[in-house]
1. Compute the acute angle (0 to 90°) between the alpha-carbon long axis of helix 42-53 and the principal axis of greatest extent of the alpha-carbon atoms of the chain; round to the nearest 10°.
2. Counting alpha carbon pairs within less than 8 Å and at least 6 residues apart, what relative contact order, in whole percent, applies to the range 1-159?
3. Under 13 Å Cα to Cα from LYS75, which aspartates and glutamates show up? Leave out anything in the same chain fewer than 8 places away.
4. What share of the DSSP beta bridges in the chain is antiparallel, in percent to the nearest 5?
5. What do you get for the angle between helix 202-229 and the principal long axis of the chain? Use alpha-carbon atoms, 0 to 90 degrees, nearest ten.
6. May I ask what percent, to the nearest 5, of DSSP beta bridges between residues of the range 20-177 are antiparallel?
7. Just for the Cα atoms in the chain, what are the lengths along the principal axes, largest first, rounded to whole Å?
8. Counting only C-alpha contacts under 8 Å and six or more residues apart, can you give the relative contact order of the chain as a whole percent?
Amino acid sequence: MIDHELRLVLNDELHGRPGMAVTAPCRITHLAFTVDDGGGEPLNAITRLCDALGVKPPQTGAVHHTAELHGGSLKYEQHGEFYRISIIADGESGKGEAIALLPLGWLDTLPGKRLVAIHTHILAQSAPAPTPQSLTALFHDGEVAGSLVTRGGATVYTDFRIGDDGYTRMLVHDHGVQPLRLGRVARRIHEIETYRMMALLAFPLARQLQKELGPLEKALAQTIDGMLAAQAPDEDARLLGELSHIARDVEEMSNRASYRFAAARAYAALVAKRVAELGEDRVANCQRLGVFLDRRFSPAMTTCQAVGERISGLAARTERASNLLRTRVDIALEAQNQRLLRSMESRSRQQVMLQETVEGLSVVAISYYSIAIVSKVFEALGPYVPALESKAAMLVAIPVILGLVWLGLRRIHARVQRAVQRG
């Protein structure tokens, strides 16, 4: 048997991003960076870190890597538009944040721009449940969302706000779930925040496009009104030019928005999927994470969708208006061509009549010169042929010459007509 050349690659994709076991209590710092084309290779920074710490470096071209650190571990993942790093520090939260496990200043060497930064504290099952006072102290008086997740196996709290230090805070209270399952909970809540922020990259663009769409829609309405009133061909040409400019601007907007809006839809779908995977239940008086996101995040995504539909609708209306105007211009050109053809046909008839007149005159002219030549011949033959009566002979020759000239011209005319028909 011959294996497909992509069999191993496609099979390994299923196992390409393995989960990490998380044992409470611990601390996790999660970072996500966007990278533009030519913005640098984050894998090089991970390799330098592993070399400095004396741990196994990633393979060349790897899209994920896990390294064991002293007192914790580090995980790196490369995605299409961003990459993320998670640092897990074992032990109680009183020891500081997990980011302290990394060498000082190493984060400054990472390429790209930081989009997500989260400090997550995971409390052990034996730890006391967070009180409203402790939650207020951790989340700085913000509105806290909280949910019982994974069938009551853990409780998650967050306010989705960025603190003064540039980090979002999350708190997870373990109720006795297995380490791998607890790791999946941590991964999901981090992915919810990461995908939420990636989806919201389209929101500022949507707001900007809303401002640009208004004048274009107004211009299209004015152009359509002008189509109803325009009568002269030059007016139609002017309106067609205006529609072409509108279509150009709409296409440029579509090019700017299509990728970002499509990515936003994909990321929003991932957010919804991760929230559903949490299996939320209500905890105390907190809003559930999914409810909080639905109230704050969904309207932004709806705005992006509405702007995308407005762009598509404006493009469709512009195309319909252009087609109608081109049809009217084509009908006007067809009528103009018909008038021109009728004028050409009239001129052709006049030319035929003139040609026939010229042919009649040609018969007379040719016959006149032919009769003069024959008359000279008869006069020259007179002394040699006494019986020849030149005047009588001329009377007989004149109609014969006229007939022969007329028949000759008719044959030439018929031959020309046949040649034209064959051509």
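1. Here the helix axis deviates by roughly 30 degrees.
2. Details: 224 pairs, mean separation 45.0, N = 159.
It comes to 28 percent, rounded to a whole number.
3. Cross-link targets: none qualify.
4. Numbers: 44 of 51 bridges.
Antiparallel: roughly 85 percent of the beta bridges in the chain.
5. With rounding to tens, the tilt is 30 degrees.
6. Values: 42 of 48 bridges.
Counting DSSP beta bridges with both partners in the range 20-177, the antiparallel share is about 90 percent.
7. For the chain, the Cα extents along the three principal axes come out at 158, 60, 42 Å.
8. Numbers: 500 pairs, mean separation 58.4, N = 423.
Value for the chain: 14 percent.
A short reminder: the numbers here are calculations on the coordinates, not readings from a lab. From a predicted model like this one, the values you see are computed outputs, not experimental measurements. Reconstructed Cβ throughout: ideal geometry from the backbone, glycine too, with neighbour counts over all protein chains shown.
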